[in-house]
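Trainee: Mind having a look at this structure? Questions to follow.
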Amino acid sequence: MIKKILIVLSVVLFYQCKGTKNIAKDQSNPMEIYLLIGQSNMAGRAAIELQDKDSISNVFLFTGNLEKPWEKAANPLNKYSTVRKKMSMQKLGPGFGFSKEMAKARQGKKIGLVVNAKGGTSIEEWKPNDTLYNEAISQTKKALKYGVLKGIIWHQGEANSSKYNKYMPKITILIESLRKDFNLPNLPFVAGQLSPDKPQRNNFNQMILELPNKVKHTAVVSSENTTTIDSTHFDSVSQRLFGKKYAEALLRLMED
């Protein structure tokens, strides 16, 4: 009986690993890699519900582990962030809905996610050459051995909403630095509005809409029709909606 159980477990592990163990850069059809960074809403604080527990066909999560650098993407997607807070805080973010939509739209492509968010961080903590920035660059460059970087999605601003008038120059520098470090001057970059549940964020949300007018090949996704669990963190339904919006915006930028 024990022997039969061991055989069954071996078969299960084999099929779990199949498709991820031998991922290599295919020059004719390279993996499309996306970097997901920001603070707690990008890390994910919403409940992982039944519909969020599956992996997604052709979507892979970068682990940073040289022995097994990729695995089938499954929540919580921020689990391998090198800067994250404790594991119990990592839940559903927009990355799951984002990658689901990207996989649908990019049929025949492998989608790779590098998720390196950290809750509670200000944009000042993401400035070029500081720890959060350097870790995002480092993890992505490791992942790029297996594919090409196609875009960045960013959700951050709750920590800066009271000083929204100083935000635009800082996010502009961030985008320009990322593009320079990846040697991709037109790399698509999509930011998101904050939850409107707190009126003091309205000024930030209006300000961030100007990003595409200030920096080329950028977009902003609206937080309209979203709800939160605590006036700050989007709930599960809203995170799925946000992920879809991020994908739609990025796909439009990729067509430019």
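The values are calculated or read from the model by the stated rules, or taken from the named source; none is laboratory data. All values derive from a computational prediction rather than experimental measurement. Positions of Cβ are generated from backbone atoms using ideal geometry, with glycine treated the same way; all protein chains shown enter the neighbour counts. Note: accessible area is taken over every heavy atom of the protein model, side chains too, but ligands, DNA and RNA are not part of it. Shrake-Rupley method; radii C 1.70, N 1.55, O 1.52, S 1.80 Å.
Here's the yes/no breakdown for (1) surrounded by 16 or more Cβ atoms within 10 Å (Cβ to Cβ); (2) out of contact with any strand residue (DSSP E or B) (no Cβ under 8 Å at 6 or more places or on another chain):
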{"position": "Asn160", "(1), (2)": "yes, yes"}
{"position": "Ile175", "(1), (2)": "yes, no"}
{"position": "Gln193", "(1), (2)": "yes, no"}
{"position": "Lys198", "(1), (2)": "no, yes"}
{"position": "Asn213", "(1), (2)": "no, yes"}
{"position": "Val220", "(1), (2)": "yes, no"}
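Trainee: Report every pair of residues separated by at least 6 positions or lying on different chains whose Cβ atoms are under 6 Å apart, first residue within segment 135-164 and touching a residue at least 12 places away in the same chain (Cβ under 8 Å), second part of a helix (DSSP H, G or I) and open to solvent by 50 Å² or more (accessible area, probe 1.4 Å).
Mentor: Listed pairs, sorted by first residue: Ile137/Asp181; Tyr164/Asn203.
Trainee: Also, I was wondering about something else. Report, by residue number, each residue of segment 45-64 that is open to solvent by 60 Å² or more (accessible area, probe 1.4 Å), more than 26 Å from Tyr146 (Cβ to Cβ) and in a loop (DSSP other than H, G, I, E, B).
Mentor: Glu49
Trainee: Consider only pairs whose beta carbons are under 9 Å apart and that are at least six residues apart or on different chains; among these, list those whose first residue lies in segment 44-56 and is over 23 Å from Lys110 (Cβ atoms) and whose second residue is among the basic types (Lys, Arg) and open to solvent by 60 Å² or more (accessible area, probe 1.4 Å).
Mentor: Qualifying pairs under 9 Å: Arg45/Lys91; Ala46/Lys91; Ala47/Lys91; Ile48/Lys91.
Trainee: Here's something else I'd like to know. So, in segment 65-78, exactly how many residues are open to solvent by 40 Å² or more (accessible area, probe 1.4 Å) and either outside any strand (DSSP E or B) or hydroxyl-bearing (Ser, Thr, Tyr) (or both)?
Mentor: Qualifying residue count, segment 65-78: 4.
Trainee: Go through Lys145, Lys141, Lys166 for me and flag whichever is under 22 Å from Asn58 (Cα atoms) and in a helix (DSSP H, G or I).
Mentor: Lys141
Trainee: For segment 110-130, state whether one or more residues are over 24 Å from His233 (Cα atoms) and either assigned to a helix (DSSP H, G or I) or without any contact (Cβ under 8 Å) to a residue 40 or more places away in the chain (or both).
Mentor: Scanning segment 110-130, I find at least one residue that is over 24 Å from His233 (Cα atoms) and either assigned to a helix (DSSP H, G or I) or without any contact (Cβ under 8 Å) to a residue 40 or more places away in the chain (or both), so the answer is yes.
Trainee: Looking at (1) assigned to a loop (DSSP other than H, G, I, E, B); (2) open to solvent by less than 40 Å² (accessible area, probe 1.4 Å), which is the only condition Phe242 fails?
Mentor: With respect to (1) assigned to a loop (DSSP other than H, G, I, E, B); (2) open to solvent by less than 40 Å² (accessible area, probe 1.4 Å), Phe242 is out only on (1).
Trainee: A follow-up question, please. Where the second residue is open to solvent by less than 40 Å² (accessible area, probe 1.4 Å) and of a type in the set (Gly, Ala, Ser) and the first is in contact (Cβ under 8 Å) with a residue 12 or more places away in the chain and assigned to a loop (DSSP other than H, G, I, E, B) and lies in segment 212-223, which pairs have Cβ atoms under 6 Å and are six or more apart or on separate chains?
Mentor: Correct list of pairs: Ser223/Ser195.
Trainee: Quick check: anything in segment 35-44 touching a helix residue (DSSP H, G or I) at 6+ places or on another chain (Cβ under 8 Å), under 23 Å from Ser177 (Cα atoms) and part of a loop (DSSP other than H, G, I, E, B)?
Mentor: Yes, segment 35-44 has at least one match.
Trainee: Those residues that are within 14 Å of the chain's Cα centre (by Cα) and part of a helix (DSSP H, G or I), I need them from segment 85-102; list them, please.
Mentor: Across segment 85-102, the qualifying residues are Gly95, Phe96, Gly97, Phe98, Ser99, Lys100, Glu101, Met102.
Trainee: Given the criteria without any contact (Cβ under 8 Å) to a residue 24 or more places away in the chain, over 20 Å from Lys127 (Cα atoms) and in a helix (DSSP H, G or I), does Asn202 qualify?
Mentor: So Asn202 fits the description; yes.
Trainee: Tell me the residue from Asn183, Asn134 that is over 15 Å from the mean Cα position of the chain (by Cα), more than 19 Å from Gly64 (Cβ to Cβ) and open to solvent by 20 Å² or more (accessible area, probe 1.4 Å), please.
Mentor: Checking each option against the conditions leaves just Asn183.
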